[in-house]
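Asker: The following block contains the structure, expressed as structure tokens.
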Amino acid sequence: MAAITADSLSKTYGTVTALDRVDLTVEAGEVFGFLGPNGAGKSTFINMLLDFAKPTEGSVEMFGHDCQSEGVAARSRVGVLPEGYSVVDRLTGLQHVEYAIRSKDADDDAVEILDRVGIRDVAQRQASDYSKGMKQRLVLGMALVGDPDLLVLDEPTTGLDPNGAADIRSILLEERDRGAAVFFSSHILEQVEAVCDRVGILQQGELVAVDTIEGLRESLGGGTKLLVQLDELRSGIPEMVRTVPGVDTVTVRDGQVLAVTCRNDAKMEVIVELHEAGIDVLNFRTEEASLEDMFVEYTGGGRR
């Protein structure tokens, strides 16, 4: 059974459409990254998963339970790390996890949970004294209580240093290997690319792409980017290259390198166009398109 199923899910606020007929299925045992620029509708989608907002049209289910009419049942198998979660000042980290264990009627060992997320040594300290990254680890630990079948994580690596982010990635992959689904939103595209089996990209409330990373690459220029090193980057050259049929985006790196996202059959056309314009090409090569490249292409330059 699918972990998440959205069917023509829509949400409007007055004249503003936050989500527009989103159809999406997230399977058990996969890590799904949810991306989009600010205001694209990511938070609205998550809020309807958790029944913080009601759909205007359509529906969304978790494990076959409608998130609105059967909210308690839908959330019974879910662990959540919300963005901007506030800890309880007077409680220690250990007490936070013990509360989560009681509320879920689980039998986890609170100390083991804290050890898994890397804050066992500060278990007895008041959570209000934790750094932002430590608070993030704590709330992830609370989400892991009860071995949930679905983790819904909003910006899970916020406030973490690179080592901390790597720890979180390892935990997410462990949960996937256990059979759980992981649905998370993040603006750190490198993190998404490192762990996700599939990604979905929202733009102005519409789900404009859902695929594996490799599938997205293949849909944009055959999965590679053309890098062209010029003798001199004169005014108007990027604009000229953008007019070549099959070219999607052109950016400048290090003052004299054109980074061109285009179809495979357009790459040589770019080189020919530069040569015919009297522009000296010192070198050119291709590289695999990153998730950031693809995100920019699908969203027209928006981030997050």
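All of the numbers you see were taken from the coordinates with simple rules; none came from a lab. Keep in mind that this is a model prediction, so the values were computed, not measured. Cβ placement follows ideal geometry from the backbone for every residue including glycine, while neighbour counts extend to all protein chains displayed.
Asker: With a cut-off of 8 Å between alpha carbons and a minimum separation of six or more residues, what is the relative contact order of region 4-212 in percent?
Answerer: 29
Asker: Relative contact order of region 61-174, please, whole-number percent, based on alpha carbon pairs below 8 angstrom and at least 6 residues apart.
Answerer: 32
Asker: Now a separate question. Counting other C-beta atoms within 10 Å, which of Phe63, Phe184 has the fewest, and how do the rest follow?
Answerer: So the residues, fewest neighbours to most, are Phe63, Phe184.
Asker: Now a separate question. To test your reading of the geometry: what angle, between 0 and 90 degrees and rounded to tens, separates the Cα axis of helix 162-178 from the longest principal axis of the chain?
Answerer: 70
Asker: Now for a different question. Would you work out which of Val22, Tyr85, Asn47 lies farthest towards the positive end of the dipole of region 13-92? Charges go on Cβ: Lys and Arg +1, Asp and Glu -1.
Answerer: Tyr85
Asker: Provide, for region 4-212, the number of lysine pairs with alpha carbons under 26 Å apart, each pair being eight or more places apart or on different chains.
Answerer: Counting lysine pairs in region 4-212 gives 8.
Asker: With charges only on Cβ, +1 for K and R and -1 for D and E, what is the dipole size of region 231-280 about its Cα centre, in debye, rounded to 20?
Answerer: So the dipole magnitude of region 231-280 works out to roughly 180 debye.
Asker: What's the exposure ranking of Ser290, Ser10, Ser170, going from fewest to most Cβ atoms within 10 Å?
Answerer: Ser170, Ser290, Ser10
Asker: If you put +1 on each Lys and Arg Cβ and -1 on each Asp and Glu Cβ, how big is the dipole of region 4-212 around its Cα centre, in Debye rounded to 20?
Answerer: 580
Asker: Quick one: helix 93-103 against the long Cα principal axis of the chain, what's the angle to the nearest 10°, folded into 0 to 90?
Answerer: Around 70 degrees separate the two axes.
Asker: Seen from all sides and averaged, what is the projected area of the convex hull of the Cα atoms in the chain, in nm²?
Answerer: For the Cα atoms of the chain, the hull's average projected area reads 18.2 nm².
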